[in-house]
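The values are calculated or read from the model by the stated rules, or taken from the named source; none is laboratory data. From a predicted model like this one, the values you see are computed outputs, not experimental measurements. Ideal geometry is used to build each Cβ from the backbone, glycine not excepted, and the neighbour counts take in all protein chains shown.
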Ligand code: CP
């Protein structure tokens, strides 16, 4: 039994296998529509979600399985004070696999320790979001055709942005990667991510506060939302929320084949006028999330053999 807590729980080779499987699922969906028949996925979401929860549920339904779960802590017995450990110990008696989102960093580790079935981290606080990273990698594979020799810019909230932390960890395993970190001073990449995934691996990186200064060098621009829910005071959020807004005017400074990714939801950080630019990949990216989650569920349930 395997749990997926961090993207590094999967080797580069295993990620390649998942991407190939997701590609085959996209091309031949009928081949897989009974792959998880009689299996049940539990989605335990203690924090709001649209894409992650619904794409997990859509993935399991498209594999012929069934789903149960809750979409907010308030509708579960967490509201009565039940611990994550007890919740998961109980739910693992009702389901074959669990996808869990929780606002506290490390909660999926506790869940895995008390589960009798595989646990997938569907986002833990400002820590990690491995299945978003699989989604991002499938998107990069489709849009750029490679993972090495890319200059990848991360822009916005790099401090609390769990999707940023996970994707930096994943890309740090490929050769010729360069990172450009664009954020206000207060939202810089945390030391643990920089040390473990960039400095320890001698990866080339630069830090900027201005997007305009570097957008022309990027192969991929990964935009992020300034996350209101991670701030302790409203004043700081209001001051920082609109620090970067990608507009059609700014896109004129970018390479003609630059790829704009965003885990979504967006608020103001990408102007809607950018959506019609062929370099805007974020809605395609959200769609890919279903297929890579289908591949992951099949692998963890040994349904891909
Ligand atoms: N990208 C992502 O995690 O979106 P949701 O919060 O809607 O699941």
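Numbers below:
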read-out: Test: residue in region 178-185 that is buried (at least 24 other Cβ atoms within 10 Å of the Cβ), assigned to a loop (DSSP other than H, G, I, E, B), away from the ligand (no atom under 15 Å from the Cβ) and in contact (Cβ under 8 Å) with a residue 24 or more places away in the chain; value: yes
read-out: Residue within region 123-132 that is within 16 Å of the ligand (Cβ to nearest atom) and out of contact with any strand residue (DSSP E or B) (no Cβ under 8 Å at 6 or more places or on another chain) present; value: yes
read-out: Residue within region 259-276 that is modelled with pLDDT under 95, away from the ligand (no atom under 16 Å from the Cβ) and in contact with a strand residue (DSSP E or B) (Cβ under 7 Å, 6 or more places away or on another chain) present; value: no
read-out: Filter pass, residue 24 being away from the ligand (no atom under 16 Å from the Cβ), out of contact with any helix residue (DSSP H, G or I) (no Cβ under 8 Å at 6 or more places or on another chain), in a helix (DSSP H, G or I) and at pLDDT 95 or above; value: no
read-out: Qualifying positions in region 229-250 - at pLDDT 80 or above, farther than 26 Å from residue 102 by Cα and in a helix (DSSP H, G or I); value: 248, 249, 250
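Rundown of residues vs (1) crowded, with 22+ Cβ neighbours inside 10 Å; (2) closer than 26 Å to residue 162 by Cα; (3) modelled with pLDDT of 95 or more, yes/no style:
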site: 28; (1), (2), (3): no, no, yes
site: 40; (1), (2), (3): no, no, yes
site: 59; (1), (2), (3): yes, yes, yes
site: 82; (1), (2), (3): no, yes, yes
site: 93; (1), (2), (3): no, no, yes
site: 98; (1), (2), (3): yes, yes, yes
site: 104; (1), (2), (3): no, yes, yes
